[in-house]
1. Would you check if there is a residue in the range 103-110 being surrounded by 13 or more Cβ atoms within 10 Å (Cβ to Cβ), on the phi > 0 side of the Ramachandran plot and either touching a strand residue (DSSP E or B) at 6+ places or on another chain (Cβ under 7 Å) or not aliphatic (A, V, I, L, M) (or both)?
2. Looking only at the range 151-165, which residues are buried (at least 16 other Cβ atoms within 10 Å of the Cβ) and over 11 Å from V106 (Cβ atoms)?
3. Residues in the range 73-82: is at least one among the polar types (S, T, N, Q), crowded, with 16+ Cβ neighbours inside 10 Å and in a loop (DSSP other than H, G, I, E, B)?
Amino acid sequence: MGPLRTFLRPAVVTAAAVLVLAVVGCTPEPPASPGASPDVTAADAGATADAEDAPSVLMLEGSAHDNLPFFSAVVDRVAASADGVAGRAYVDALVAAGFEKGAMQVTADRTSVDDPVDSLQFSVLWAGECLVGQVGPSTPAPTAMVLPELPSGGCLLGSTRPIDW
């Protein structure tokens, strides 16, 4: 039973991460404080931003919500490329766009039996919140949203791959 448990564990962890992203993405966000800019909801985050509407630079003093359109634009560009389900491509593009590599997490590109993953998640921890992206064959369109930082730190549940390049 030991080898079977080792074989199933990555699949269970990945499934749990996808489930948590789906559940957290469905919870309503708290109302904005008076005078605050409108928040992007999970439903809005799934929509792709037009290149003309997205800011062309990272707003270093901005919140995760302020930077979501820019993050989404980077995600959309990579998703449309030949590396659309390659975690390194998203990390490299986000770093080139100005996001800090040390604040990122990414899930594996391949399953434990070396098949391509159905869903790839990646994130950037930004001022106590998480910019989270999801792409892959099981995702109808590239998705980007802002989620709260996990109580244990970081943005993604389960196993993530080291970003050591």
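No value in this document is a laboratory result; all are computed from the given coordinates. Everything numeric in this text was worked out from a predicted model, so none of it was measured. All Cβ positions, glycine included, derive from the backbone under ideal geometry; neighbour counts span all protein chains shown.
1. There is no residue in the range 103-110 that is surrounded by 13 or more Cβ atoms within 10 Å (Cβ to Cβ), on the phi > 0 side of the Ramachandran plot and either touching a strand residue (DSSP E or B) at 6+ places or on another chain (Cβ under 7 Å) or not aliphatic (A, V, I, L, M) (or both).
2. Of everything in the range 151-165, those that are buried (at least 16 other Cβ atoms within 10 Å of the Cβ) and over 11 Å from V106 (Cβ atoms) turn out to be L157, G158.
3. Within the range 73-82, not a single residue is among the polar types (S, T, N, Q), crowded, with 16+ Cβ neighbours inside 10 Å and in a loop (DSSP other than H, G, I, E, B).
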